[in-house]
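One structure below.
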Amino acid sequence: MQTTKMSFTDTLGLGFMTFAFFLGAGNLIFPPFAGMLAGENMSFAMIGFLITAVGMPLIGLIAVAKANGKVMALLPAFAATALAIAIYIIIGPAFAAPRTGLVAFEIGARPFISNPDALMMFGGKEFNIAQLIYTSVFFSIVMMLSLYPGKLLDNVGKVLTPILILLLVSLACSVIILPGAEVNQPVGEYINSPLTKGIIEGYNTMDTLASLMFGMLIIDLLRKKGVNDAADQTKYLVRAAFIAAGGLAFVYVSLFYLGASAGDFAIGADNGGQILTNYVTHHFGNIGTLMLSTVVTLACLTTAVGLVTACSEFFNELVPSLSYKLLVVVLSAICATVANVGLAQLISVSIPVLMTIYPVAIALVLVTFLTERFARPAFSHRVILSVALFFGVFDGLQTAGMDMSFLDFMPLHKEGMAWLLPTAVTAIVCLFLPKNSVANA
């Protein structure tokens, strides 16, 4: 089959598009807040955050490229389908996609609305009028862009993302040039365990989960552009992954520093979005606020488009009777509805779920790279992911407030990473299993 070769400009556009898909709501609101809390321990916290918010998504994309989009091929059909559905729901209509609309409203629209907290009664419940209108319009735009996925590379990678990058570079330069306040003392868990706390904080971006989706989406986009050779698909996807990772690292480092040196701008702030808004408004006035609004809106919009597109593609393949366009409309409507639950509530509900599913996603990426080294690859995939899920459930329950003190003897349990050592040990054991030591799996 004939395959198309991509030009340098097309490859760069693919990388920009990948960067834009990842750079969404959590990527802008979590680093400044983490930097503020970490204070003098910012370096360790930032390294931990970069591991799970940059390193793991990069490795995830490479794993998808290496497996040619079939990272779950060695799992039982039911388990693979269940895991895929869980990831797509979490990263799509349940948490990540609605959050993009909420953050876009909080940072991109609220500063310009005279009465942003006005409420209305509907069906016996109170709704924020401005938020309801904004998220409805936001996800209507997402729906229209998602209905034509073949144009994503042109619309997102070559048009929206360069504007987004220019604005982010301007913000990052201002953080370096303009004098900041003295870095505060670390607080909370950042005092004694800033590295592991940074790793856990990186979960909130959901980017490792997203990398499994976006990798398959990018391969599909490459096929639609005529790149049919598997080796070429892998090559272009890996290049795009490194471009995206470089951009994400640049943004995170500058936002961490902004939070750590925020000083009075952080007083009373309970999320990074408020720190960002206060900082930009103080230094740049209305023009700065407008610039930040544009950055956040573009970042959230491009991510939402990627999430809705990927989820629609997945469920269309899973249930062919559900058309892609119908799914785009339905998922966009669900996202707009869930978004009106509220940002704080959405984040609080999502954290225990992420603590449970993230270990499985990381383990899945790990075993993809080790597949060729396993004597029993199918058995190894299943047992390693099972161990990660088993202990991930306990981490999730602990985060949800349940008493899991009976596991305090386990390394990293108090930090919310009880899954790490058992999963690593299981993977090592599987590397040394001879072919005839286990019954056929």
For the chain, modelled as a GNM with alpha-carbon contacts under 10 angstrom, which of Ala97, Ala53, Ala427 fluctuates the most? Ala427
Listed by chain and number, the aspartates and glutamates with an alpha carbon less than 12 angstrom from that of Lys414, same-chain partners under 8 positions apart left out, are Glu189, Asp395, Asp403
Put Ile357, Ile89 in order of accessible area, largest first, probe 1.4 Å, and you get Ile89, Ile357
Can you pull the accessible area of Tyr148 for me, 1.4 Å probe, Å² to the nearest 10? 120
Kindly flag which residue pairs out of Lys5/Lys224; Lys5/Lys225; Lys66/Lys325 have an alpha-carbon separation exceeding 18 Å in this structure. Lys66/Lys325
Taking the Cα centre of the chain as the origin and placing charges on Cβ (Lys, Arg +1; Asp, Glu -1), which of Leu37, Asn68, Ser293 is farthest toward the positive end of the dipole? Asn68
Can you work out the Karplus-derived ³J(HN,Hα) for every residue in the stretch 95-110? Use 6.51 cos²θ - 1.76 cosθ + 1.60 with θ = phi - 60°, whole Hz, and x for glycine or proline. 10, 5, 5, x, 4, 4, x, 5, 5, 4, 5, 4, 9, x, 10, 3
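How would the stretch 310-372 be classified by its alpha-carbon gyration tensor: rounded, prolate or oblate, with rounded meaning a/c under 1.5 and the a/b versus b/c comparison settling the rest? Working shown, then result.
Numbers: a/c = 4.17, a/b = 1.17, b/c = 3.57.
Since a/c reaches 1.5 but b/c is at least a/b, the shape of the stretch 310-372 is classed as oblate.
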So, in nm, how far is label Ser405 from label Ile85 when the simple model puts each one 7 Å beyond its Cα toward the Cβ? 3.8
So, R0 is 51 Å and r is the distance between the beta-carbons of Leu318 and Leu178; what FRET efficiency does that work out to, to 0.05? 0.55
Estimated inter-spin distance, Phe127 and Ser140, nm [label 7 Å along Cα→Cβ]: 1.3
Under the helix-only model (-39500 (n - 2.57) for each DSSP H run of 4 or more, divided by the residues of the chain), the mean residue ellipticity at 222 nm, to 500 deg cm²/dmol, is -22500 deg cm²/dmol
If you count only protein heavy atoms and use a 1.4 Å probe, how large is the accessible surface of Arg376, to the nearest 10 Å²? 50
Gyration tensor on Cα atoms of the stretch 232-311, a ≥ b ≥ c root eigenvalues, a/c under 1.5 rounded, else prolate if a/b beats b/c, else oblate, says prolate
By the Cα gyration tensor axes a ≥ b ≥ c (a/c under 1.5 gives rounded; else a/b larger than b/c gives prolate, otherwise oblate), the shape of the stretch 263-304 is oblate
Gain in span if fully extended, Arg223 to Ser43, counting 0.36 nm per residue against the direct Cα distance: 60.7 nm
How long are the semi-axes of the ellipsoid equivalent to the stretch 1-74, from square roots of 5 times the Cα gyration tensor eigenvalues, in whole Å, largest first? 32, 17, 10
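The values are calculated or read from the model by the stated rules, or taken from the named source; none is laboratory data. Just so it is clear, the structure is predicted and the values come from calculations on it, not from any experiment. Here Cβ is always computed from backbone atoms with ideal geometry, including for glycine, and neighbour counts include all displayed protein chains. Ligands, DNA and RNA are excluded from the accessible area calculation, which covers all protein heavy atoms including side chains. Shrake-Rupley method; radii C 1.70, N 1.55, O 1.52, S 1.80 Å.
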